[in-house]
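What follows is one structure encoded as structure tokens, with my remarks underneath.
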Amino acid sequence: MLLEADLPDDVDALRALVLEQAHELDLLKVFRAENERLQAIIDALMRHRFGRKSEQLDADQFELALEEVEAALSQAELAMNKASKASCERPRKTNRGSLPAHLDRIEQVVDVEDKACPCCGGALHQIGEDVAERLDVVPTTFRVLVTRRPRYGCRSCENAVVQAPVPARIVEGGIPTEALIAQVLVSKYADHLPLYRQAQIYARQGIQLDRSTLADWVGRAAWYLRPLRDHILERLRRSERLFADETTAPVLEPGRKRTKTGQIWAYACDDRPWGGSDPPMVAYVYAADRKTERPEAHLHGFAGILQVDGYGAYAALARRHQQIRLAFCWAHVRRKFYELAESSPVAADVLRRIASLYAIEDEIRGLPADERRDVRDQRSRPIIDDLYRFLEARGRQVSAKSRLGEAIRYTLPRWDGLIRFLDDGRIDLDNNAVERAIRPLALNRKNALFAGSDEGGDNWAVIATLIENCKLTGINPHTWLTATLTSLANGHPASQIDQLLPHAHVG
């Protein structure tokens, strides 16, 4: 610290001292901004490791907590009832009439042994009955389908032998029916049960199936189903608006005893928010890397609006192909500021403004595109214009190296794509539609850890595409897969592949 006695009397010396102090202050500001940035990174990592993973409360996680509370309450009530031999004061919930009508009903009659009146000994007659339905389960039951093909000969000439041809199968000469293969696929790619766990489940029924055998069935089924995935992707290319996203797919590297990072790209369309007539669809494509030419190959011939996050491959794609216009995702912008909201009033203010945009979107969801555009022009555009001025002003005031500066620099260069939704009612505020389609892949990745090869990654993309489209259209994936595999095994013509898609079975 400088004292008055330490100050020089010479003007030039004083000027030099002031300049030196100013330089040190500038350095201090840089160091302070860098320190704040690093501390924000540490806080974000700690939040990622130990905190909530979403900007909002996960309803499923909340239900888990309620399940534990309700289970504990039920246990306590049962203990009190047993101790006091009294009925519970709170009426128990019943499912009378709610069990599906298609389930088999196995009736049992619980009758009195003696049908003589306990008072006078006369014969009792039925005056009514109480009926209760309980849901029962039969554990996974296997059965063996025995196919007999009689051979016939002619007694006159004894030369001709007539026999019906072998029924077509997905696994020629193998033991599984198409229904069993469908069960393996649904368990692996919809219920996220790795093949080795399925083998353990089958073993409890006395069925010894090696994991490699199940993997062979999966590969054969994927070979038959791949044209359907490719056809869905081709239909998506003909759409006027698509969502795109990608996620990692760890894949085992043969001979190196480690995994490499592949990618599964997701392309989706969903016109339900603006009342469009096309069914929602999604297609997954596996690639060994994340190079910028991957989406270009996947979307060859696409012309329209591509709604994406901030990954540079999409911007490069739009620069090379003028017929593609990018619409960026406000959820990704919100995420940048959400991480800073607790310590930054500026970030909290940005979140408030973005929340008002989402409130308007909630009101207009499902309206025709023209009506959505008009409402956005009247109500959302003023919020957008004000937010742009706010971010520009704050961007000049904060260090570019701070986390807040990084969030602003992420947002402003993408502004043209972020505000594209104002002029087109078909565009959503974010690309959550495709992010929802990515979540099943993440669950499968978590349980299976990695794919065994690049071919396995491609099989993953093919089968996951078809199962996710079944879910989007509301049909049972096991029923659809069984029927589709049977049709494909019997030589369904490629020219009529549209008839096999999940969307063709709706209505």
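The values are calculated or read from the model by the stated rules, or taken from the named source; none is laboratory data. Keep in mind it's a predicted model, so treat the numbers as computed, not measured. Because the Cβ atoms are built from the backbone with ideal geometry, glycine has one as well, and the counts that use them run over all protein chains shown. Remember, those area values only see protein heavy atoms, side chains included, never the ligands or the DNA or RNA. Shrake-Rupley method; radii C 1.70, N 1.55, O 1.52, S 1.80 Å.
Which one is farthest from Asp271 (Cα to Cα) among residues in the stretch 291-337 that are of a type in the set (D, E, K, R) and more than 22 Å from the chain's Cα centre (by Cα)?
First, pick out the residues of the stretch 291-337 that are of a type in the set (D, E, K, R): 291, 293-294, 296, 309, 319-320, 325, 334-336.
Then keep just the ones that are more than 22 Å from the chain's Cα centre (by Cα); that gives 291, 293, 296, 319-320, 325.
Details: Lys291: 29, Glu293: 27, Glu296: 23, Arg319: 26, Arg320: 27, Arg325: 18 Å.
Of everything passing the filter in the stretch 291-337, Lys291 is farthest from Asp271 (Cα to Cα).
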What pairs come up if the first residue lies in the stretch 159-174 and is closer than 12 Å to Arg149 by Cβ and open to solvent by 50 Å² or more (accessible area, probe 1.4 Å), the second is assigned to a loop (DSSP other than H, G, I, E, B) and not β-branched (Val, Ile, Thr), and their beta carbons are under 6 Å apart, counting only those six or more places apart or on different chains?
Gln163/Arg149; Ala164/Arg149
Number of positions in the stretch 388-441 that are open to solvent by less than 60 Å² (accessible area, probe 1.4 Å), of a type in the set (D, E, K, R) and within 19 Å of Glu36 (Cβ to Cβ)
1
If Glu468 satisfies all but one of (1) surrounded by fewer than 16 Cβ atoms within 10 Å (Cβ to Cβ); (2) closer than 20 Å to Met281 by Cα; (3) modelled with pLDDT of 90 or more; (4) of a type in the set (D, E, K, R), what's the number of the condition it fails?
(1)
Which of the following residues is acidic (Asp, Glu), over 23 Å from Leu418 (Cα atoms) and surrounded by fewer than 18 Cβ atoms within 10 Å (Cβ to Cβ): Glu240, Glu296, Glu234?
Glu234
From the list Ser356, Ser343, Ser399, exactly one residue is of a type outside the set (A, V, I, L, M) and in a helix (DSSP H, G or I). Which is it?
Ser356
Please verify whether the stretch 478-488 includes one or more residues that are within 30 Å of Lys336 (Cβ to Cβ) and part of a helix (DSSP H, G or I).
no
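Conditions tested, residue by residue: (1) part of a helix (DSSP H, G or I); (2) touching a residue at least 60 places away in the same chain (Cβ under 8 Å); (3) among the aromatic types (Phe, Trp, Tyr).
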site: Leu306; (1), (2), (3): no, yes, no
site: Ala318; (1), (2), (3): yes, no, no
site: Val333; (1), (2), (3): yes, yes, no
site: Ala348; (1), (2), (3): yes, no, no
Out of (1) out of contact with any Lys or Arg (no Cβ under 8 Å at 6 or more places or on another chain); (2) without any contact (Cβ under 8 Å) to a residue 60 or more places away in the chain, the one Ile383 does not meet is (1)
If a residue must be within 24 Å of Ser277 (Cβ to Cβ) and touching an Asp or Glu at 6+ places or on another chain (Cβ under 7 Å), how many such residues does the stretch 370-406 contain?
1
Which condition number in (1) farther than 23 Å from Thr292 by Cα; (2) in a helix (DSSP H, G or I) is the one that Gln205 fails?
(2)
Given Val375, Val350, which one is touching a helix residue (DSSP H, G or I) at 6+ places or on another chain (Cβ under 8 Å), surrounded by 15 or more Cβ atoms within 10 Å (Cβ to Cβ) and under 14 Å from Thr411 (Cβ atoms)?
Val350
I'd like to verify a number: residues in the stretch 317-343 that are of a type outside the set (Phe, Trp, Tyr), farther than 20 Å from Asp423 by Cα and open to solvent by 10 Å² or more (accessible area, probe 1.4 Å), how many?
12
Just checking, how many residues over the stretch 158-188 are within 41 Å of the chain's Cα centre (by Cα), assigned to a loop (DSSP other than H, G, I, E, B) and charged (D, E, K, R)?
2
